[in-house]
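The values are calculated or read from the model by the stated rules, or taken from the named source; none is laboratory data. Just so you know, these numbers come straight off a predicted model, no measurement behind them. Glycine also receives a Cβ, built like all others from the backbone with ideal geometry; neighbour counts cover every protein chain displayed. Just so you know, the surface numbers come from the protein's heavy atoms only, side chains and all, with ligands and any DNA or RNA stripped out. Shrake-Rupley method; radii C 1.70, N 1.55, O 1.52, S 1.80 Å.
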Amino acid sequence: MRVAIYCGSREGNNPIYIEKAIELGRTLAENGIGVVYGGANNGVMGAVADAALEAGGEVIGVTPAFDEWNEVTHLGLTELHYVSTMHERKALMIQLSDLFIALPGGAGTMDEFFDVFTLTQIGQQDKAVCLYNVNHFYEPLRTHFDKMVAEGFMPTEHLELLHMLETPQDALNLVAKIEAKQKSL
């Protein structure tokens with residue numbers, strides 16, 4: 001089982017973002033769940049990767065082979081894949097992962113999240129998509145999704161495809177449900 005983690009290459013203004021990234025990375029690794037992420041050594045990305053590695057976990061990075069990314073590429077990962085474009089990066093992360101969790105981040109995080117959420121809505125992939133609501137970060141987005149439903153731009157059943165996580169245990173519970181479903185097939 002591998003989880004794609006979409007998150008910021010910056011730390012954010014509140015230390016809770018790094019604390020919760022470390023907690024999630026460590027928890028996943030301690031439970032034998034691999035991490036797939038954007039391959040950076042800094043910000044929330046680096047915190048998740050380092051925590052999972054320190055706990056003995058598998059961490060796979062998928063990074064663009066752009067010169068400006070070389071200085072932030074994490075070179076101590078279990079695997080590191082270089083890709084030519086951001087589109088290839090997203091596609092490979094989807095291919096390598098069994099579910100997706102977006103931690104707090106900026107526009108890149110939102111791009112990755114919305115890409116996989118849209119693919120889920122249109123039936124192009126059926127893996128779980130999650131927002132990890134650290135420090136109430138995703139509550140405004142959840143409110144906006146409710147507005148999309150209320151205004152007729154998104155059916156309620158699409159909103160039900162999205163999982164809001166509050167703790168690493170929520171992620172473990174979702175993994176357990178996915179594994180149980182896979183065993184019953």
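May I ask you to verify whether T156 is polar (S, T, N, Q) and within 30 Å of A65 (Cβ to Cβ)? Can you show your working first?
Numbers: polar (S, T, N, Q): yes; within 30 Å of A65 (Cβ to Cβ): no.
No.
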Restricting the search to region 6-20, which residues are touching a strand residue (DSSP E or B) at 6+ places or on another chain (Cβ under 6 Å) and part of a helix (DSSP H, G or I)? none
Taking Q125 and the conditions (1) farther than 27 Å from E23 by Cα; (2) modelled with pLDDT of 95 or more; (3) of a type in the set (S, T, N, Q); (4) in contact with a helix residue (DSSP H, G or I) (Cβ under 7 Å, 6 or more places away or on another chain), which numbered condition does it fall short on, given that it satisfies the others? (2)
Report every pair of residues separated by at least 6 positions or lying on different chains whose Cβ atoms are under 7 Å apart, first residue within region 1-29 and farther than 14 Å from C130 by Cβ, second modelled with pLDDT of 95 or more and of a type in the set (F, W, Y). E11/Y17
Failed item in (1) farther than 25 Å from T27 by Cα; (2) in contact (Cβ under 8 Å) with a residue 12 or more places away in the chain; (3) surrounded by 15 or more Cβ atoms within 10 Å (Cβ to Cβ), with L103 passing the rest: (1)
Those helices (runs of 4 or more DSSP H) completely within region 86-165 that have 2 or more residues that are of a type in the set (D, E, K, R), under 19 Å from V59 (Cα atoms) and out of contact with any Pro (no Cβ under 6 Å at 6 or more places or on another chain) are 86-96
Enumeration of residues in region 64-79 that are assigned to a strand (DSSP E or B) and either over 18 Å from A4 (Cα atoms) or modelled with pLDDT under 95 (or both): P64, T73
All positions within region 23-47 that are over 14 Å from V72 (Cβ atoms) and either modelled with pLDDT under 95 or surrounded by 18 or more Cβ atoms within 10 Å (Cβ to Cβ) (or both): L24, G25, R26, T27, L28, A29, I33, G34, V35, V36
Scan region 58-70 and tell me whether some residue there is open to solvent by less than 50 Å² (accessible area, probe 1.4 Å) and either more than 13 Å from the chain's Cα centre (by Cα) or among the charged types (D, E, K, R) (or both). yes
Identify all residues within region 92-102 that are out of contact with any Lys or Arg (no Cβ under 7 Å at 6 or more places or on another chain) and among the hydrophobic types (A, V, I, L, M, F, W, C); write none if there are none. L92, M93, I94, I101, A102
Out of the residues in region 40-62 that are free of Cβ contacts under 8 Å to residues at least 60 places away in the same chain and among the β-branched types (V, I, T), state the one that is farthest from E88 (Cα to Cα). V48
So, in region 106-143, of the ones that are more than 12 Å from the chain's Cα centre (by Cα) and of a type in the set (A, V, I, L, M, F, W, C), which residue ends up surrounded by the most Cβ atoms within 10 Å (Cβ to Cβ)? V134
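Output the residues belonging to region 170-181 that are within 17 Å of G34 (Cα to Cα) and open to solvent by less than 100 Å² (accessible area, probe 1.4 Å). Can you show your working first?
Of region 170-181, the ones within 17 Å of G34 (Cα to Cα) are 170-179.
D170, A171, L172, N173, L174, V175, A176, I178, E179 - these are the residues of region 170-181 that are within 17 Å of G34 (Cα to Cα) and open to solvent by less than 100 Å² (accessible area, probe 1.4 Å).
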